[in-house]
1. With no solvent and one equal point scatterer placed on each C-alpha of the range B:113-188, evaluate the Debye formula and give log10 I(q)/I(0) for q = 0.14 Å⁻¹, two decimals.
2. If the cut-off is 24 Å between C-alpha atoms, which lysines fall inside it for B:Lys62, apart from same-chain ones fewer than 8 positions away?
3. Taking the range C:7-151 on its own, what percent of its Cα-Cα pair distances exceed 26 Å?
4. Would you mind getting the Kirkwood hydrodynamic radius of the range B:202-250 from its Cα pairs, rounded to one decimal in Å?
5. Please state the charge dipole magnitude for the range C:91-250, taken about the Cα centre, from unit charges on C-beta atoms (+1 on K and R, -1 on D and E), reported in debye and rounded to the nearest 20.
6. Taking amide H positions as placed 1.01 Å from N in the peptide plane, with prolines and chain starts having none, which residues 5 or more places from B:Glu200, or on another chain, fall under 5 Å of its amide H?
7. Rg (Å, one decimal) plus Dmax (Å, integer) for the alpha carbons of the range B:59-129?
8. Rounded, prolate or oblate, given the Cα gyration tensor of the range B:65-180, with a/c below 1.5 counting as rounded?
Number of protein chains: 4
Amino acid sequence: MHEHVDTIEKTFFFRVVWDMDGFRIPPSGLEEAFAPLANELGATWKIHFKGRKLRIAVFVSKYEHCLQELLWRQRLADYPVEIPLILSNHSDVKPMADYHRIPFHVFPVNPDNKPEQERKELDLLEINEIDTIVLARYMQVLSAQFIEKYPGQIINIHHSFLPAFMGGNPYKQAYERGVKIIGATSHYVTEDLDEGPIIEQDIVRISHRDTTEDLIRKGRDLERIVLARAVYFHAEHRVLLNGRKTIVFD
Amino acid sequence: MHEHVDTIEKTFFFRVVWDMDGFRIPPSGLEEAFAPLANELGATWKIHFKGRKLRIAVFVSKYEHCLQELLWRQRLADYPVEIPLILSNHSDVKPMADYHRIPFHVFPVNPDNKPEQERKELDLLEINEIDTIVLARYMQVLSAQFIEKYPGQIINIHHSFLPAFMGGNPYKQAYERGVKIIGATSHYVTEDLDEGPIIEQDIVRISHRDTTEDLIRKGRDLERIVLARAVYFHAEHRVLLNGRKTIVFD
Amino acid sequence: MHEHVDTIEKTFFFRVVWDMDGFRIPPSGLEEAFAPLANELGATWKIHFKGRKLRIAVFVSKYEHCLQELLWRQRLADYPVEIPLILSNHSDVKPMADYHRIPFHVFPVNPDNKPEQERKELDLLEINEIDTIVLARYMQVLSAQFIEKYPGQIINIHHSFLPAFMGGNPYKQAYERGVKIIGATSHYVTEDLDEGPIIEQDIVRISHRDTTEDLIRKGRDLERIVLARAVYFHAEHRVLLNGRKTIVFD
Amino acid sequence: MHEHVDTIEKTFFFRVVWDMDGFRIPPSGLEEAFAPLANELGATWKIHFKGRKLRIAVFVSKYEHCLQELLWRQRLADYPVEIPLILSNHSDVKPMADYHRIPFHVFPVNPDNKPEQERKELDLLEINEIDTIVLARYMQVLSAQFIEKYPGQIINIHHSFLPAFMGGNPYKQAYERGVKIIGATSHYVTEDLDEGPIIEQDIVRISHRDTTEDLIRKGRDLERIVLARAVYFHAEHRVLLNGRKTIVFD
């Protein structure tokens, strides 16, 4: 059981996990049984079953390290997720998808075909009953129309310690600014680029000896781990949204 | 001996410490002896003697934690610094200066009297043969005229992980953005506020449970340590400037 | 509200903080009101009032950095503690106690006089209504008889990442072993030296460039911060004992 | 250029990397050219060519996460290594070797056949011109005879913050001791188990909420990253041995 009170917003957050062994209400009756209390409290609520894995579609462009991390964790089975499909605007990482025998779909995107391609992508996601989309270094900006179909269900990894170095090429920005630490940030995607609620962040120390290439190399390890942790928290339903912030019951 | 080659800027940085025992050139003859080689290499260079302590003036406003940290380290004598005077725009921290028997000068600053007050401050610094100014949570912006008198010799502590949360009230900004990590940054002061070369940074993990007050409390520990480390590196002449970046031979 | 279930030991831990505004039971009636429920549950429980500061006696030997840290935090008043007396087996840090106007008592200890000195110390603690003893780099081992008078109320700082480098001179041990990280550990004192329940730990990265003296210098910052955090958690009654482990509701 | 002086052991360590463009001595003549100076200094020295990749044999048992990490980094080609063969005492991770098309050899080991199996392994290593052996969670202890064939060339990952929790089952030990931080250590293998020179360590924070299984899960990420960093430093010839310690020019 985890609890949090936001005394400023006057909101109460709660997560409870219990064992159904010897529980008198059957799984199918839980929602009906809980609804009256929830209504009385004016609560927003959801019940998830531990056996049910989250269905994730991974969007990727040319870098494979974040995808690789997610596939490896699925294979390890210590995350309650399955990855029934991978989408990309390029075909570069297809061999990795093939090795894991996961359907791989290429949707090249340009300003003209974007609305149409996104429509096709959405169809594909619906057919595959996808719960959550993970942008594993996906280099396209999703449209507002696309995003609103999956509210609080699109997770991105940004390769900087947000809000520092928003936008493109954060490692180059970091190198030029001469920071002593670089970071990575995993957040929910909203219409405001790089402004969505942050799920997880971490950092690594750098020095004047590190070139931009070193930052990219060191940052890769960070991106993988930070994204993996965020997906873990999300898949375990440990993340609750609180406006533009998150509650993470870790 | 420490060395760094900036292959982009084509600059070579070098720091060497040696023992004068049995050295044929006397201390007073070192500069003359080295000058010809330095000229040949087109080098910018300086020779410091280990016995000579750096003379630091601390500027402070109302928060005493960073001042306290510096005074304690001076007292411990593991830093090669002495603090012959403390300047403030308020009298709040005078008791701490008194306890350490360090002259404390108040210069209240407002837009009208600022040029005059800065002139008086500069006189006082000169009389006291100050090498370096440390802004230990000093809440006034120094003028360009003031700053250019101490190039690469004014150290500030900013209570955020720069370049995130520049400007005022970074803890409030961090709280509102919902970051999972906060930081502190110590940097040299230049005309561009919060944009000077970074000497040292560090971070601490936070969570949704932390209020703005908690961030201030946790950040205080960070500010103290980060500023103290930066002053240590500077006082040991381990920091070399490289444009808007630093080389820190730690 | 914080909760933890130890599924192995079958124990349920719970901490709740509430506002007495508009609460029908008066403070003086709380214990009586709660007792029946607690008895039914077989609970071990305590009620603390936020206004009531924890009374701490600091034991210290010759190093003053940890004592200094605690005194400074008391002065800042962001910790719910007061420090009515300081005990030492030496008189080295008396000036610091004097500055803070805190009674300072010297009890030189040797194998012969130890039982008698400890008796005197215990008397003094009792007269001063001390709740908790903090060993701020106190270099004497307390007897089992002494420890059992303050169960779960004696906090120590050990200058290593326990259980690595137990016993004396951990920085020298760390230097000789060539570790790349050093740590500090704050724990409750039990009869088994360096084996008590751990409250807080932290680390700092080192390298081959660091001498034993550098480890001592870097470690000092760690010891101060780790001890201060442990005292904070303890003073806020955020630490619950679970056998030889702690639950820290941070 | 990196330099270190061990003032206690009176030893001078040095690593220099240079560009052969326009260098008058040809690569094949470097050793002959440098030898006289080295002899004069009584130096232990080696010259490595950047183009030449280190040939690594990975030894593994049943856990694949560390192996996977190394294979992925080889594939990325940002490490100057190649992995021409994988050895194991089990066949569990064969599919991963097959996917990467790396020869996989199984040598089941028991007390009786150990000398013979090790002889066969050594033959295989010799035939494949292996420079370095990486024990990527290999659960067998190598004999002294085996180890002395590859002095300073066998790298192990131990899943604890050495010297804490030496020996078997460190996560269980850590859980039972109630530490607040766990670590991983990569070190050179010597005859003294878990006592070899440490190359790299890192840690992750844990809490009372973490079960032994959580420690294993969190530790896996640490082991992978720590081992990968150690192999990187080693492959770039950034690690020099100094008795039972290492100099890492990072």
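1. For the requested q values the scattering log ratios are -0.56.
2. B:Lys94, B:Lys114, B:Lys120, B:Lys172, B:Lys218
3. The share of Cα pairs beyond 26 Å in the range C:7-151 comes to 43 percent.
4. Kirkwood radius, the range B:202-250: 12.6 Å.
5. Working: 20 positive and 25 negative charges, 133 e Å.
The dipole magnitude comes to about 640 debye.
6. B:Ser186
7. So, for the range B:59-129, Rg and Dmax equal 12.8, 41 Å respectively.
8. On the way: a/c = 1.73, a/b = 1.28, b/c = 1.36.
It comes out oblate by the Cα gyration axes.
All of the numbers you see were taken from the coordinates with simple rules; none came from a lab. All values derive from a computational prediction rather than experimental measurement. For neighbour counting, all protein chains shown are included, and Cβ atoms are generated from backbone atoms with ideal geometry for every residue, glycine included.
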